[in-house]
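Novice: Questions regarding the structure given below will be posed in turn.
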Amino acid sequence: MTPLFDEYHPERCYNEIENELNILESAWAKFALFLRTGFRYGHKKGTMRCQSLSELRSDLDIWRTRFERGETLALLHAIQLCAEENIPLPSWLAVAFSTALSGFLQPGGPHSLDMVFSSPNLPTNTPSKAATARQDWALGAELWESCWDFANTHKDVTSFDAVLDSVLILKNWGVKKRKARELVTMIDKNQAELLGQREKQPFARFLEKRRKP
């Protein structure tokens, strides 16, 4: 009897149709197996993907909203999500990506892929702007994580200012408080959007709840 699940060897679980698909492309066979059994394998051996299709749809909708607002870099983020989760591209994403790339390949089209896939949060029109933006995102993410760590270990702290003051003296971050606040707020807003706006700025909301009696 064919097993429904084998953590390291999905091919042992394939039926006749899935075996035929596996000859063409292993990812197709794995996704067909998922539709039949509910077990979805990733591309790497022994990796299982646990998000439901409904959850993935919600995550992809966030990138779709960003794309529709003009952030074309969101297309690449959405494609990366599909690649990580081993799922087909949704129709809107397949059409949008194909249209964007086709436009680049046409005579008179954009002369750089940076113009095709861009984000206001990560400007790439000059090397210096791109480098600065990446540094800001990396530093902001580190500061945001440190703020969370400090707040979680110091339960008496209830204000953003107090957290920032304490985090900034831990080491030389290379920025002053005003810039640090901007970076942490930037990451916090981004996290809120990635959560489907279920919370307005997760860290700020966390401190707000702590202040309430």
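Novice: To the nearest 500 deg cm²/dmol, what mean residue ellipticity at 222 nm is calculated for the chain from DSSP H runs of n ≥ 4 alone, each contributing -39,500 (n - 2.57), summed and divided by the residues?
Specialist: Working: 10 runs with 132 residues, N = 213.
That calculation yields -19500 deg cm²/dmol at 222 nm.
Novice: Each label point is 7 Å from the Cα along the Cα-to-Cβ direction; what then is the distance between the points at Arg36 and Thr158, in nm?
Specialist: 5.9
Novice: Kirkwood Rh, Cα Rg: Rg to Rh for the chain?
Specialist: 1.07
Novice: Once you've got the Cα coordinates, tell me which of Lys155/Lys176; Lys44/Lys129; Lys179/Lys209; Lys176/Lys212; Lys44/Lys177; Lys179/Lys212 are over 31 Å apart.
Specialist: In this structure, Lys44/Lys129; Lys44/Lys177 exceed 31 Å between Cα atoms.
Novice: Taking 8 Å as the Cα distance limit and 6 or more residues as the minimum spacing, I'd like the relative contact order of the chain as a percentage.
Specialist: For the chain, the relative contact order is 12 percent.
Novice: Let me know the charge dipole size of the chain about its Cα centre in debye, to the nearest 20, where only the beta-carbon of Lys, Arg (+1) and Asp, Glu (-1) is charged. Mind showing how you got there, number by number?
Specialist: On the way: 28 positive and 27 negative charges, 196 e Å.
Here the size comes out at about 940 debye.
Novice: Bin all alpha-carbon pair distances of region 30-73 at 10 Å intervals from 0 and give each bin's fraction as a whole percent.
Specialist: Result returned by the calculation: 25, 37, 26, 11.
Novice: Computed from the mean reciprocal separation of all distinct C-alpha pairs, what Kirkwood hydrodynamic radius does region 44-115 have, in Å?
Specialist: The answer is 13.4 Å.
Novice: Separate question: Return the long-range amide H neighbours of Ile87 (sequence gap of 5 or more, or a different chain), with a cut-off of under 5 Å between placed amide H atoms.
Specialist: The answer is none.
Novice: Can you give the longest run of the chain that contains no GluC sites (Glu not before Pro) sitting in a DSSP loop with at most 15 other Cβ atoms inside 10 Å?
Specialist: In short, 26-198.
Novice: Along the charge dipole of region 1-158, pointing to its positive end and built from +1/-1 on Cβ of Lys, Arg, Asp and Glu, which listed residue (Ala130, Leu143, Trp28) has its Cα farthest out?
Specialist: Of the listed residues, the answer is Ala130.
Novice: One-quarter of the Cα convex hull surface for region 132-189, in nm²? Numbers along the way, then the final one.
Specialist: Details: hull surface 14.9 nm².
Reported value for the Cα convex hull: 3.7 nm².
Novice: So for the pair Glu182, Lys212, with labels modelled 7 Å out along Cα→Cβ, what separation do we get in nm?
Specialist: 3.2
Novice: Now for a different question. Under a 1.4 Å probe, what is the accessible area of region 60-169 per residue, stated in Å²? Present the calculation step by step, with values, prior to reporting the outcome.
Specialist: Values: 6080 Å² over 110 residues.
Solvent-accessible surface per residue comes out at 55 Å².
Novice: With each pseudo-label sitting 7 Å past Cα toward Cβ, what's the Glu55-Asp165 distance in nm, one decimal?
Specialist: 4.0
Novice: Once amide H atoms are placed 1.01 Å from N in the peptide plane, what residues at a sequence separation of 5 or more from Ser118, or on another chain, have their amide H within under 5 Å of its amide H?
Specialist: Here Thr72, Leu73 satisfy the definition.
The values are calculated or read from the model by the stated rules, or taken from the named source; none is laboratory data. No experiment lies behind these values; they were computed from the predicted model shown. Positions of Cβ are backbone-derived with ideal geometry, glycine not excepted, and every protein chain shown enters the neighbour counts. These accessible areas exclude ligands, DNA and RNA; they are computed on the full protein's heavy atoms, side chains included. Shrake-Rupley method; radii C 1.70, N 1.55, O 1.52, S 1.80 Å.
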